[in-house]
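Participant: Mind having a look at this structure? Questions to follow.
We did not get these values from a lab; they are worked out from the coordinates using the rules stated. Quick caveat, the model's predicted, so the values are computed rather than measured.
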Amino acid sequence: MREFARAKVCIMSGPDSPAEVEVLFNPTEYSLDIQNNYRDSKAGGLEQPVTQFVNGLSRSLSMELYFDTYTDGGGSDVGVKTREFAKLLGVATHEPPRVEFRWGEFAFYGVVEKMAQRFTMFRSDGVPVRAKINVTFKSVKPLPEQLKDPPRNSSDKTKRRTLTADGSIWLIAAKEYGDPRYWRQIARRNRIADPSAIRPGTPLVVPPLDSKRTGGKP
């Protein structure tokens, strides 16, 4: 029988790290949102502005977590548990800690962007015994990891480049493919027999890498 997976929040940085905060009840659902950032530029003579892609925005993960001390807990103050949870994910130093929400094979790394507590059941003396926390995690990616990723202007689409006076087909290959040895891909597509004879101002088609042709080699 497969082991029951309990959702948990792992504290990855800050004075409380490393630590794990196990939620009392797994969420019934969660929302994973991804949004891109676009910029509109006015262009004379056109009915609508020209829309250009600027960058991809961070992903966000939202969910509702359920806390209950009435059914199992003797009816103690549920606010104690929700405050402990909020404290671990709050600002302890100069910035919120990095956390990872983990549930089985699913993992989301980031920070807590916002959190709201809602108490839904109370004892006769007014002490809350049931509560819900709406929490939103925002993805973060350290700068070193972003610099290791391929540039957004990657080699998966055909592009057009113009050879500059100080440029060469080898430099274009290095910039677009990450390796100057792939210059033959560009030369083959543009039917260039002698790369050193290309004149500045010559338009060049830069194709996506042909894995079948290269076999992983230039």
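Participant: Past 29 Å, Cα to Cα, is the threshold; run 87/141; 114/175; 8/141; 141/175 against it and keep the listed order. Please list the in-between numbers first.
Facilitator: On the way: 87/141 23 Å; 114/175 40 Å; 8/141 20 Å; 141/175 24 Å.
Listed pairs above 29 Å: 114/175.
Participant: Once you have the Cα-Cα distance between residue 134 and residue 4, take 0.36 nm times their residue separation minus that, and quote the gain in nm to one decimal. Let's see the in-between values first.
Facilitator: Numbers: separation 130, 0.36 × 130 = 46.80 nm, distance 2.34 nm.
Full extension from residue 134 to residue 4 adds 44.5 nm.
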